[in-house]
Structures are given as C-alpha cells and as structure tokens.
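Before any comments, here is the structure.
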C-alpha cells in the first residue's frame with residue numbers, strides 16, 4: 001500500500017519500485033481496512049447510567065466524553081463510527097478531527113414525549129416532519145428514530161410501538177427529500193414491522209420482542225432481505241463481564257422470566273444464533289455495538305462484533321466485510337472508505353497473524369492509520 005497524505009495512492013502486489021525518500025514499513029500479519037462501529041453513543045462513557053447522565057451534563061463535559069470515546073475507538077482499529085444518539089448535536093463538531101475516527105452523526109434521536117432516550121432532547125411533539133427539518137438544518141448525516149421503547153429508559157414499552165406507520169413514513173419522506181437515510185431503533189416486533197412498512201433504511205437491535213415471546217419469522221427475514229434493509233444486532237459485548245452485571249430492574253427481570261430467559265448471557269446466545277438465520281435469508285448485516293451503553297459495551301468493541309458473527313456462522317471474510325465495506329455502504333461512504341483501493345481514504349488496520357485462522361487477533365492492533373495519520377497505540 002502506498003499512502004500519500006490522507007489517501008491510498010496505490011495498492012500493489014509483488015515487487016514495487018518506490019521513489020527515493022519514501023518511508024517503508026513492513027509487517028508480518030494481516031492488513032485490512034479500518035473497522036466501523038455503526039451504532040455508538042459517543043456522549044456515553046460506558047458506565048452504568050452513562051447515557052442517562054448526559055441529560056444533566058454541560059456541553060463542555062459532553063465534549064470531553066466524546067473525545068475520550070473517539071480515542072478509545074481509534075486505538076482499537078475503528079476508523080469510522082456512526083453515532084446514533086447524542087445531545088445538543090455535540091458530535092457534529094467531531095466529524096473530521098485529525099487522528100480520530102470520522103463520525104457519521106444523527107444528533108438527538110427522534111422519540112415520543114417521555115419515550116426512549118427522551119433525556120437526549122429529541123422528543124417529537126406534533127408533526128414529526130418538523131423535527132426532521134430541524135435535524136437537516138443542523139447538518140446531520142442520518143436520522144435516527146426510536147420505533148419502540150428501550151431498556152435504558154424505564155417506563156417505555158419494549159413490546160409496543162412508539163410511532164405509527166404514518167408518523168414513521170412522514171419521517172422517512174422528509175429525510176428522503178434531504179437525501180438522508182433513516183435508521184430505526186426497534187426491540188419490539190411491532191416497532192420492526194412499523195419501521196419496515198414506513199420504508200426505513202436500517203433497523204437497529206432487531207430483537208423481535210412480542211407478548212408471545214421473541215418472534216422473527218422466515219417471512220419477515222425474507223421481506224427485510226427483499227427490501228435491502230440493513231440490520232444491526234448491536235452485539236459486541238464483552239461477555240466475560242456478563243456475570244458482573246447488576247440484577248436487572250424488576251420490569252426487565254419480569255420480561256426475561258416471561259420469555260424463559262434465565263440470564264443476560266442466555267439472551268446473548270440467542271442473539272448470536274440469529275446471525276445464522278440472517279445470513280441464510282440474505283439479510284444485509286452490518287457491525288455495531290451500541291457502544292458507550294455500559295461496561296460490556298465499551299468504545300472499541302467493534303472487533304467483538306466480527307467475532308460474534310463468525311461464531312454465528314459467517315466466514316471470516318464475510319464478517320470482516322460486514323464491518324468494513326458493507327458498513328461503509330450503509331453509512332453512505334462506499335466510495336470513501338471501507339476498502340483498500342487506490343483513491344480511498346488511508347484508513348488502515350494492521351494485526352499480527354492470519355485472521356482467517358484466528359479472528360480474535362483483531363483485538364490487538366499492531367498499527368492503525370486514520371485518513372493517513374498513524375494512531376499512537378498504548
């Protein structure tokens with residue numbers, strides 16, 4: 001690879017004659033594009049309650065957390081993140097900071113009054129198109145909408161829907177006019193179905209929760225594949241910390257008991273198994289962590305999503321593509337990054353060893369370049 005400034009100006013095999021004065025670095029390992037985390041919350045510091053606390057933080061404190069979060073992604077080989085929920089649009093100013101991952105920013109997610117993550121300031125009252133227009137005016141890259149309740153916001157309905165199909169379609173239509181994609185948070189089957197009917201571009205979590213349990217039918221998966229909707233299961237947990245998680249709040253514990261799930265790790269095993277079905281039905285799957293949401297979801301955990309997908313039946317090459325080239329496509333960056341090709345950004349990750357033999361080598365970067373700038377690794 002030949003890097004000049006922030007670009008790859010050549011990707012060659014075999015012997016290459018280089019001009020005098022070119023700095024040469026050699027590796028015995030695997031060179032690949034930098035990873036994506038397609039679902040992060042840079043304003044959250046990966047502590048319990050870290051996202052909820054953002055509602056009372058000053059902008060200066062929020063900016064400090066954003067910078068720290070991006071630095072944690074960088075040293076882990078993540079060169080692009082898609083932030084799907086901040087406060088006061090603070091992440092927009094961090095989109096192209098030298099030496100830090102580029103940011104695809106959604107701003108505060110759209111939610112109902114008192115709905116999931118309402119404390120981030122994205123509550124929609126009245127015509128939802130006005131809320132989208134405000135986000136467009138602020139310069140966001142993607143619109144995030146909470147189609148269902150969420151576990152991080154007590155009192156919201158994880159089994160129901162926060163917006164009607166008509167309301168979601170209005171959001172999608174307004175975003176389309178501005179050339180922006182819409183991704184929907186949806187733990188519930190109802191939220192997933194509403195989001196699909198409204199024409200969203202991506203569904204986050206995709207949990208399929210209903211009063212009858214987890215319901216994700218083959219017909220639903222075929223419909224998602226036919227529509228070309230990107231699915232992000234937001235795995236990437238540090239599973240060694242599951243046993244240290246505090247007891248879930250009573251409503252969540254009751255929901256787990258209702259579904260016959262004895263522990264959070266049991267639920268996570270179900271999520272890994274869902275990767276197998278998604279691949280079998282040809283659903284486009286990308287890599288996101290929901291990073292920042294707690295100790296198991298630290299910033300920089302994108303490599304764990306790749307490992308989870310391999311465990312779920314993806315060949316290593318496909319899982320890596322889901323975290324690089326396909327993720328770039330989902331984020332509107334297919335011509336900019338996600339591949340090692342002439343003209344693309346010099347977003348490069350180097351690891352020791354052969355990833356096809358041991359994908360967990362992704363956890364220990366040997367070198368990272370973000371738009372041509374070498375990251376100082378610990």
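Readers should treat all values here as calculations from the given coordinates under stated rules, not as data from a laboratory. Because the structure is predicted, anything quoted here is derived from the model rather than measured. Here the Cβ is made from the backbone with ideal geometry for all residues, glycine too, and neighbour counts use every protein chain on show.
Normalised by the number of residues in the stretch 243-330, what is the relative contact order in percent for Cα pairs under 8 Å and 6+ residues apart? Don't skip to the end; give the middle numbers.
Details: 59 pairs, mean separation 21.6, N = 88.
Normalised by residue count, the contact order of the stretch 243-330 is 25 percent.
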Any chance you could give the angle, 0 to 90 degrees and rounded to 10, that helix 218-227 forms with the longest Cα principal axis of the chain? 60
Quick note on 164, 156, 80, ordering by fewest other C-beta atoms within 10 Å, gives 164, 156, 80
What the Cα atoms of the stretch 35-340 span along the principal axes, largest first and in whole Å, is 44, 43, 40
Please work out the C-alpha center-to-center distance from the stretch 198-228 to the stretch 233-293 and express it in whole Å. 16
Size of the stretch 7-84 as Cα extents on the principal axes (Å, biggest first): 58, 23, 19
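When the Kirkwood radius is taken over all Cα pairs of the stretch 82-171, what Stokes-Einstein diffusion coefficient follows at 20 °C and 1.002 mPa s, in µm²/s? Kindly include the intermediate steps, with their values, before the conclusion.
Numbers: Rh = 13.5 Å.
Rounded, D is 159 µm²/s.
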Rounded to a whole number, the Stokes-Einstein D of the stretch 127-237 in µm²/s (Kirkwood radius over Cα pairs; 10 °C; 1.306 mPa s) is 112
In nm, spacing of pseudo-spin labels at residue 273 and residue 7 (7 Å Cα→C-beta vector): 5.0
Taking the alpha-carbon centre of each part, the distance from the stretch 300-355 to the stretch 110-185 in Å is 28
Largest fluctuation, 52, 318, 20 only, Gaussian network model of the chain with Cα springs under 10 angstrom, belongs to 20
With springs connecting C-alpha atoms under 10 Å apart, model the chain as a Gaussian network and identify which of 223, 127, 290 has the largest mean-square fluctuation. 127
Starting from a Cα-only point model with no solvent, please compute log10 I(q)/I(0) by Debye for the stretch 319-370 at q = 0.19, 0.27 1/Å. -0.69, -1.09
Neighbouring Cβ atoms within 10 Å as the yardstick, rank 230, 314, 268 fewest first. 268, 314, 230
Considering the chain as a Gaussian network with a 10 Å cut-off on Cα pairs, which listed residue, 357, 174, 96, attains the greatest mean-square fluctuation? 357
At R0 = 25 Å the Cβ-Cβ FRET efficiency linking residue 377 and residue 264, nearest 0.05, sits at 0.20
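Within 10 Å of each residue's Cβ, count the other Cβ atoms and sort 271, 90 from fewest upward. Walk me through the numbers before you get to the answer.
On the way: 271 18, 90 22.
Least to most surrounded, the residues fall as 271, 90.
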Considering Cα pairs under 8 angstrom that are at least six residues apart, work out the relative contact order of the stretch 35-340 and quote it in whole percent. 20
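Peptides 136-145, 324-333: what's the order by average Cβ count within 10 Å, highest mean first?
Details: 136-145: 20.4, 324-333: 22.8.
Output ranking for 136-145, 324-333: 324-333, 136-145.
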Note down the nm distance, to one decimal, between modelled labels 7 Å out along Cα→Cβ at residue 15 and at residue 334. 3.9
